[in-house]
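These notes concern the structure reproduced below.
The values are calculated or read from the model by the stated rules, or taken from the named source; none is laboratory data. Remember, predicted model here, so these are calculated numbers, not experimental data. Neighbour counts are summed over all protein chains in view; Cβ atoms, including those assigned to glycine, are modelled from backbone coordinates with ideal geometry. These accessible areas exclude ligands, DNA and RNA; they are computed on the full protein's heavy atoms, side chains included. Shrake-Rupley method; radii C 1.70, N 1.55, O 1.52, S 1.80 Å.
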Amino acid sequence: MTTPKTSLTGIKPTATPHLGNYLGAIRPALRLAEQYRTIYFIADYHALTTLRDPQALQGYIYDVAATWLACGLDPERTIFFRQSQVIEVFELAWILACLFGTGHLLRGHSYKDAIAKGQKDPNAGITFYPILMAADILLYDTHVVPVGKDQKQHLEVARDLAGRFNHHFGPTLVVPEPLIGEAPLVPGTDGTKMSKSKGNTIPLFAPPKQLRKLIMSIKTGSEGLDDPKDPDRSTVWQLCRQLAPEAAGPMAEKLRRGVGYGWGHAKQDFFEALDAELGPMRERFEALRGDEAQLDETLAAGAAKARPIAQATMARVREAVGIRRPPCPPKETLRLKKSGGGG
Ligand code: TYM
């Protein structure tokens, strides 16, 4: 029997997950659980680049955890944990940082986006972001990374770093491939990429009333009720096709025909189909989200499985770069100075 390849991905807990996260990462990642060793995690330290509200962060971590589980992640089969519970990631990030030019990081989109949003002096975490992400990936001998198209540049950094490391120190790290699926960039309510920072998201498990309101706010063309309309160019239909495919065919036909079928009707049909589709998962989400202690336990059990993989990689990496650590002497042979002495 051959060892299965590894699929790994992460979500940053800076908001409750939205349809873009689901279609771009969660759903494709879960579909890989049959053929791959799957390692999925919550990138909580990445969230600190933008989030300064400890309570909100804690809440989003549980939201992301409950979302994955509600969508079908089986923690017996997938190693599922918090990034912060495997601290080897910082050691690898430092080693990788020493191989990468600062100029590359300043051209990266996490830094450039912050500048574009008017930040005069983005924090060093934003600049360093792609290196920590590369460490997340390379630490676990990852072969494929299911992500949305917006993460492609970060994946290039991870590939580049694995290549540089192997070039300098000999073959040590697996070079990962991005896996960008059938929903590379899901549009938000304004028709541009759905993104937490743009305020155009539709949360995956929004209660029905909020879900309907958000769907009704999706931007559409200005065609009249009886005009023929092009489904291919509409966000409502794009989302419907991905999320409720059985409703998408009839909707496309009615839009093209026009007669008596306006954008409001299409949105209502989409809402009904989506609500029916997501309803059972939403119920599971609410039950899981209500038991934080259980979520902590699940994530800690996942971290216990992830850590030995990370430790094995780090042993190889340290050896390769020449950081050999002699084993610590037994405690009783250590002479601890009581106080003072300095220097
Ligand atoms: P994050 O939290 O912004 O997004 C999580 C995943 O959702 C995908 N995604 C989308 N896909 C399609 N259309 C959209 N509108 C859309 N919005 C978000 C993202 O592409 C991503 O796959 N840097 C990562 C988190 C991370 C990570 C990692 C990912 C940290 N370490 C290692 C993979 C591997 C991020 O901020 O994703």
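Residues 332, 297, 272, 319: which one is at pLDDT below 95 and part of a helix (DSSP H, G or I)?
Result of the check over 332, 297, 272, 319: 332.
So, residue 198, is that one within 18 Å of the chain's Cα centre (by Cα), within 8 Å of the ligand (Cβ to nearest atom) and surrounded by fewer than 20 Cβ atoms within 10 Å (Cβ to Cβ) or not?
Against the criterion (within 18 Å of the chain's Cα centre (by Cα), within 8 Å of the ligand (Cβ to nearest atom) and surrounded by fewer than 20 Cβ atoms within 10 Å (Cβ to Cβ)), residue 198 does not qualify.
How many residues are crowded, with 22+ Cβ neighbours inside 10 Å, more than 6 Å from the ligand (Cβ to nearest atom) and more than 13 Å from residue 42 (Cβ to Cβ) if we restrict to the range 4-22?
Here the count works out to 4.
Could we say that residue 33 is among the hydrophobic types (A, V, I, L, M, F, W, C), open to solvent by less than 10 Å² (accessible area, probe 1.4 Å) and either assigned by TED's automatic domain parsing to the domain that holds residue 282 or in contact (Cβ under 8 Å) with a residue 24 or more places away in the chain (or both) here?
no
Report, by residue number, each residue of the range 59-81 that is open to solvent by 30 Å² or more (accessible area, probe 1.4 Å) and over 21 Å from residue 5 (Cα atoms).
Across the range 59-81, the qualifying residue is only 60.
Mind counting the residues in the range 192-225 that are modelled with pLDDT under 95 and not in a loop (DSSP other than H, G, I, E, B)?
Total satisfying the criteria: 3.
Within the range 226-254, count every residue that is in a loop (DSSP other than H, G, I, E, B) and among the β-branched types (Val, Ile, Thr).
So the count comes out to 0.
Which helices (runs of 4 or more DSSP H) sit wholly inside the range 86-191 and have at least 2 residues that are exposed (fewer than 15 other Cβ atoms within 10 Å of the Cβ) and of a type in the set (Phe, Trp, Tyr)?
Result: 88-97.
Output the residues belonging to the range 37-63 that are more than 14 Å from the ligand (Cβ to nearest atom) and in a loop (DSSP other than H, G, I, E, B).
52, 53
Scan the range 207-223 and tell me whether some residue there is within 12 Å of the ligand (Cβ to nearest atom) and buried (at least 19 other Cβ atoms within 10 Å of the Cβ).
no
Restricting the search to the range 100-148, which residues are polar (S, T, N, Q) and away from the ligand (no atom under 13 Å from the Cβ)?
Hits for the range 100-148 are 102, 119, 123, 127.
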